[in-house]
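Peer 1: Pasting a structure below so you can have a look.
The values are calculated or read from the model by the stated rules, or taken from the named source; none is laboratory data. From a predicted model like this one, the values you see are computed outputs, not experimental measurements. With ideal geometry, Cβ positions are generated from the backbone for all residues, glycine too; neighbour counts draw on all protein chains shown. Please note that ligands, DNA and RNA were not included when accessible areas were found on the heavy atoms of the full protein model with its side chains. Shrake-Rupley method; radii C 1.70, N 1.55, O 1.52, S 1.80 Å.
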Amino acid sequence: MIANLLRAERIKLFSTRAPWWCLAIAIIAPLALTMLIFALAGPEIPPTVGNTQLVSGNGRTVLLVLAVFATASEFNWGTMRLTFQAVPGRVPALLAKVVVVGALGTVLGLVISFGSWGLASLVRPDADLALHTGADWRSVLGQGLVFLFTAVAGVGVALLLRSVAFALTVVIVWTQVLEGLFVFIPGFGKYVYQWMPFHAADEFVGASGLTTGPLGLPSAPLGPWGNLGYFAAIAVALYVAGVLVTARRDA
């Protein structure tokens, strides 16, 4: 049964063009921006392994869009009702969905991270961008975990809100506007910003270089793995809340 559920979710995910467009944008945009940054940036952005991941957040946002489409659109089209007729327990079907979307997110994160690192190494052959330390490997390999939990969060938000338009508005406004606004609030804003989930994800992979030093942000209150745990806890909490709400409401 589990294999059939996973197969069904994979078929549903790739049965339209939207996921393919999302994947293309999620890969091309960060890779192109990384290449431009390392080709044109001055000393304000040193060529480090962590900085090869500076624009990975663009791909992360597109993954959120994909996760929302893959989940909330089923409520709009009525396919979620058919799924729950076939799986009355609901939870196994929702677990299969998050496994499929999460696996795709993990692969996407690794493609973006290693692709960005590889292109930066080609553009700046004079820079030492080899993966010497555990921190270097965490910056690149760790994107797989960040994208995994990003996908989980996207599915959770979609289950909670059910509306494609509403869920997309929430994830885009949050990632592209609200988190960054806290940095510019005088006084307490920079301390609140430390606890923003996607900032924590960037801290884990060491990709927060554009938002730290010049703005005078204090040191992160959690270590790298603590930041990942914090980000993962929020993502899982959103998903669990979405599952609980979906299990009790009509599809």
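Peer 1: Residue by residue, what Karplus-based ³J(HN,Hα) values in Hz, rounded to whole numbers, does segment 192-202 have, using 6.51, -1.76 and 1.60 with θ = phi - 60° and x for Gly and Pro?
Peer 2: 5, 4, 4, 9, 6, x, 6, 5, 4, 4, 5
Peer 1: Using only Cα atoms, find the angle between the long axis of helix 2-13 and the longest principal axis of the chain, and express it within 0 to 90 degrees, rounded to the nearest 10.
Peer 2: 70
Peer 1: With a ≥ b ≥ c taken as the square roots of the eigenvalues of the C-alpha gyration tensor of segment 82-199, please select rounded if a/c is under 1.5 and otherwise prolate if a/b is larger than b/c or oblate if it is not?
Peer 2: It is oblate, given that a/c is not under 1.5 and a/b is not larger than b/c.
Peer 1: Could you check the simple spin-label distance between V245 and L40, using points 7 Å along Cα→Cβ, in nm with one decimal?
Peer 2: 4.1
Peer 1: Tell me which of T79, A130, V98 sits at the most positive position along the dipole axis of segment 60-168, charges placed on C-beta atoms (Lys, Arg +1; Asp, Glu -1).
Peer 2: T79
Peer 1: I would also like to ask the following. I want to verify the translational diffusion coefficient of segment 1-89 in µm²/s; compute it with Stokes-Einstein, Rh as the Kirkwood radius over Cα pairs, at 25 °C and 0.890 mPa s.
Peer 2: 157
Peer 1: While we're here: In whole angstrom, note down how far apart the Cα centers of segment 4-57 and segment 58-121 are.
Peer 2: For segment 4-57 versus segment 58-121, the Cα centre distance is 15 Å.
Peer 1: Name the most mobile residue of S139, S121, S113, meaning the one with the largest mean-square fluctuation, in a Gaussian network model of the chain with Cα contacts below 10 Å.
Peer 2: Checking each option, the largest mean-square fluctuation is seen for S121.
Peer 1: May I pose another question? Ignoring ligands, DNA and RNA, please state the percent of accessible area on segment 63-156 from carbon and sulfur, probe 1.4 Å.
Peer 2: Values: 2560 of 3620 Å².
Answer for segment 63-156: carbon and sulfur cover 71 percent of the accessible area.
Peer 1: Can you tell me the orientation of helix 164-173 relative to the chain, as the angle in degrees between its alpha-carbon axis and the longest Cα principal axis, to the nearest 10?
Peer 2: 20
Peer 1: By how many nm would the segment from I172 to R17 grow when fully extended, if each residue of separation counts as 0.36 nm and the alpha-carbon distance is taken off?
Peer 2: Values: separation 155, 0.36 × 155 = 55.80 nm, distance 2.05 nm.
Difference between extended and current length: 53.7 nm.
Peer 1: Place a +1 charge on the Cβ of each Lys and Arg in the chain and a -1 charge on the Cβ of each Asp and Glu, then give the dipole magnitude about the Cα centre in debye, rounded to the nearest 20. Can you show the working numbers first?
Peer 2: Numbers: 14 positive and 10 negative charges, 204 e Å.
Roughly 980 debye, rounded to the nearest 20.
Peer 1: Over segment 1-45, with every protein chain in place, what whole percent of the accessible area is carbon and sulfur at 1.4 Å, could you tell me?
Peer 2: The computed percentage sits at 75.
Peer 1: Would you tally the net charge around L63, using a Cβ to Cβ cut-off of less than 15 Å, leaving L63 out, and scoring K and R as +1, D and E as -1?
Peer 2: +1
Peer 1: While we're here: When percent of Cα pairs over 32 Å apart is calculated directly from the model, which label among (1) 17; (2) 12; (3) 24 fits?
Peer 2: This structure yields the entry labelled (3).
Peer 1: Follow-up question, since we're still on this one. For the chain, report the accessible area per residue in Å² (1.4 Å probe, heavy atoms, rounded to an integer). Please list the in-between numbers first.
Peer 2: Numbers: 11720 Å² over 251 residues.
Per residue, the chain has an accessible area of 47 Å².
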